[in-house]
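Q: Can you keep this structure in mind? I'll have questions shortly.
The values are calculated or read from the model by the stated rules, or taken from the named source; none is laboratory data. This is a predicted model, so every value here is computed, not measured. Note: ideal-geometry Cβ built from the backbone for every residue, glycine included; neighbour counts use all protein chains shown.
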Amino acid sequence: MSESPPAVELPAVDQRAPSGWHALPDRARLPSMLTPVLPFALPGMVGGFVLAGVFGLWFAPPVLALVGAAVGAWIGLKHYRSTFWRLDEDGLAVRRGRLWQRETRVPATRVQHLDLKRGPLQRQRRLATLVVHTAGTRHSAVTVPHLDADDAERLRDLLSRQIDADDDA
Amino acid sequence: MPDPAAPLPEATPDATVAAERRLHPMSWLFVLVQQLKQFILPLIVLLVFGRGDRNELWPLIGVAVLVVLSLWQYFTYRYGVAGDRLVIRSGLFERSLRVIPFARIHNVALQQSALHRVFGVAEVRLESAGGSKPEAQMRVLKLDDALALEALVRHRGAAPASAVSEPESATLLALPFGEIVRLGLVSNRGMVVVVATFVAIAQISQRAILNAFQSVGKWLFGFAGEHHFGIAQYIVSALAMLVFAVVLLRAFSILLALLQYYGFRLSEIGRRLTVERGLLARWRTSASRRRIQAWTLHEGTLHRLLKRRSLDVDTAVAEEQQQQRALRELAPIATPAACDALIEHLLPRAGWSQLDWRALPATNWWRLVLPTIPVVAAITIAASWRVGAWGLLVLAWLPWAAFVAYRRAQRMAYAANPEVIAVREGWWTRHWRFAELDKLQALQLTRSPLDRRCGTATLHLDTAGSGALSPQLRVRFLPHDEALALYASLSRTLTSRPLRW
């Protein structure tokens, strides 16, 4: 990268984040919690229907669905608290997970294309999900969920600047 | 993209294309054969079951429609070269114009089935990175035209007429007959055939396999009605069946290896690698050396017995299963020295033979046993359920698994230099996986709770085109500070080097 490191002016770094890393904005808490709710509530409900069918526990489906939703929300909260990102001269890095920690780094020279996604709730809260695609196989799409919309756009612009430079196939 | 030194003026796709060419006049036949392959079942069903109705002509009408479609394709398909790109026109009502810059073509595959060879033609596929379909598929071209097209891609469209400048083709590896027999011996290709045969026989007659079993016994012992069959005889005939099955399997494997790899030749023209192989059907694949994304050197148990290894590469060409079109096997089987020489030749700057292998701490060997334990436990429980206390014998597997894990942990190592990163794993079956740093796409550092407890981390390195079945390029059990240093230095290196693939 010949140009100077893309310095991004960013919101005040959260105390929760390790130094040099950015946490997700507070507005992202609700969407983060809602994302895993359905994937957990549905199996709970299905399990509840099985129980209801076998043992005749009519109240099992709603109760288990609620339990699933609560577990999902709790996991979402955990995800929200343990997701950090940073952009430095080496490219974009995303840190996720607390028990199983994983830090993924996409060098700016390896970005193939970028997606910016905004759901209705995200639009209302000025959030966006950035997906960085590389030509790789196992980590070909690196997702940063529920970023501040302005940060996301800035990240997208800075990372896509590199793609134009790469002309020769 | 446009090359400033290109001799031709920059041609827009609509500009006149020098000498448009067509497919081979017989190409309609092969398109028809291809389409018939898809429709063969319905057609047979119609032929067989349509009898008695007055619909016997339907299949013929279907074939006639397909013939017309095939001819249609022949008359509307043209290709030509415009500067540094290939232009393909097809269709009459729904016209399509496809422009493929030569620089984007990663792989050229020529395929000749036995029928193709009768007519002296070949099917050509041009592939770029990614995507599930070839960029262009020409069914079929005259063999000379196909080779000329391949040469065009090699020269990136710059007039191939000057045969003087054509570098000599140098053979890097050729497999004589004996090597192909060895390849058949180590491969399990025959398994598919044998298993399919068994299943088919079992489908036809439930008793057939049992009868075969007994007749083998009779043949072995010369006498014996069923009442004479003692347990010893059963065991011996079971063993005989097993030996027979293994021999059959290997024989089929050798046969398949001969069909697929007869006349295997890896050659190099300039920077391009070409693989030719096949007995009846012939394959010819060629790709530029720098399109290789990652390398796998493999040594199984049988390989080691025969003192051989195999060298595979990944290219970024998306490949569906069973389609042998991408350049994949550089050396299906070769001596370790030949493999090393090949790597040295193709990756001259990597210093493959002088790599500084750094062992990973073998104290983590017990973590390699962990995945086996639930499996062994499940089998033990199932076995104890069926045969009582004898089922506990399954637990005897654990010491062996521990031993294997220990040896594996001792052999695990990685090597990194400014050009290449390599990982060595396995003991019973071994592999070396490596990639040039330029070809790495993303890095991931993971730590499980166990990793944190042991002070280690795993570094995953992602490359393009690595199949789900090929071993991962990852360094496990890396001490945490070492992992952080490697991770940081790799991300620094990747940033300073543009992607070349």
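Okay, residues lined up against (1) farther than 24 Å from B:LEU499 by Cα; (2) crowded, with 20+ Cβ neighbours inside 10 Å; (3) out of contact with any His (no Cβ under 9 Å at 6 or more places or on another chain):
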residue	(1), (2), (3)
A:LEU64	yes, yes, yes
A:VAL71	yes, no, yes
A:GLY76	yes, yes, yes
A:ASP90	no, yes, yes
A:TRP100	yes, no, yes
A:GLU103	no, yes, yes
A:THR109	no, yes, yes
A:ASP115	no, no, no
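Q: For region A:102-137, which residues satisfy the criterion of being more than 7 Å from chain B (Cβ to nearest Cβ), among the basic types (Lys, Arg) and in a strand (DSSP E or B)?
A: If the condition is that a residue be more than 7 Å from chain B (Cβ to nearest Cβ), among the basic types (Lys, Arg) and in a strand (DSSP E or B), then A:LYS117 is the only one that fits.
Q: With the requirement that a residue be aliphatic (A, V, I, L, M) and modelled with pLDDT under 90, what does region A:112-146 give you?
A: A:ALA135
Q: What number of residues in region B:462-487 are facing chain A (nearest Cβ under 7 Å) and without any contact (Cβ under 8 Å) to a residue 24 or more places away in the chain?
A: 1
Q: Would you say B:VAL236 is closer than 19 Å to B:LEU110 by Cα and modelled with pLDDT of 80 or more?
A: So B:VAL236 does not fit the description; no.
Q: Continuing with this model, one more query. Got a sec? Which of B:LEU490, B:LEU459 is more than 7 Å from every other protein chain (Cβ to nearest Cβ), in a strand (DSSP E or B) and in contact with a strand residue (DSSP E or B) (Cβ under 9 Å, 6 or more places away or on another chain)?
A: B:LEU459
Q: Just to be sure before I move on: is A:GLU153 at pLDDT 90 or above and more than 7 Å from chain B (Cβ to nearest Cβ) in the structure I sent? If you could, list the steps in order and put the result at the bottom.
A: Working: at pLDDT 90 or above: yes; more than 7 Å from chain B (Cβ to nearest Cβ): yes.
Criteria met by A:GLU153.
Q: Cβ contacts < 7 Å: first residue within 14 Å of chain B (Cβ to nearest Cβ), restricted to region A:72-90; second residue in a helix (DSSP H, G or I), any location; separation 6+ or different chain. Result?
A: What qualifies is A:LEU87/A:LEU155; A:LEU87/A:LEU158; A:GLU89/B:THR495; A:ASP90/B:SER491; A:ASP90/B:ARG492; A:ASP90/B:THR495.
Q: Next question. In region A:15-66, which residue that is polar (S, T, N, Q) and assigned to a loop (DSSP other than H, G, I, E, B) is modelled with the lowest pLDDT?
A: Result: A:GLN15.
Q: Take region B:233-254 and flag every residue that is surrounded by fewer than 18 Cβ atoms within 10 Å (Cβ to Cβ), of a type outside the set (Val, Ile, Thr) and under 21 Å from B:ASN188 (Cβ atoms). It would help to see each step written out before you state the result.
A: First pass over region B:233-254, keeping only residues surrounded by fewer than 18 Cβ atoms within 10 Å (Cβ to Cβ): B:233-236, B:238-248, B:251.
Retained after the next criterion (residues that are of a type outside the set (Val, Ile, Thr)): B:233-234, B:238-242, B:244-245, B:248, B:251.
Selection gives B:LEU239, B:MET241, B:LEU242, B:PHE244, B:ALA245, B:LEU248, B:ALA251.
Q: Here is a follow-up. With A:VAL54, A:VAL46, A:VAL63 as the choices, which residue is touching a helix residue (DSSP H, G or I) at 6+ places or on another chain (Cβ under 7 Å), more than 14 Å from chain B (Cβ to nearest Cβ) and not polar (S, T, N, Q)?
A: Exactly one of A:VAL54, A:VAL46, A:VAL63 is touching a helix residue (DSSP H, G or I) at 6+ places or on another chain (Cβ under 7 Å), more than 14 Å from chain B (Cβ to nearest Cβ) and not polar (S, T, N, Q), namely A:VAL63.
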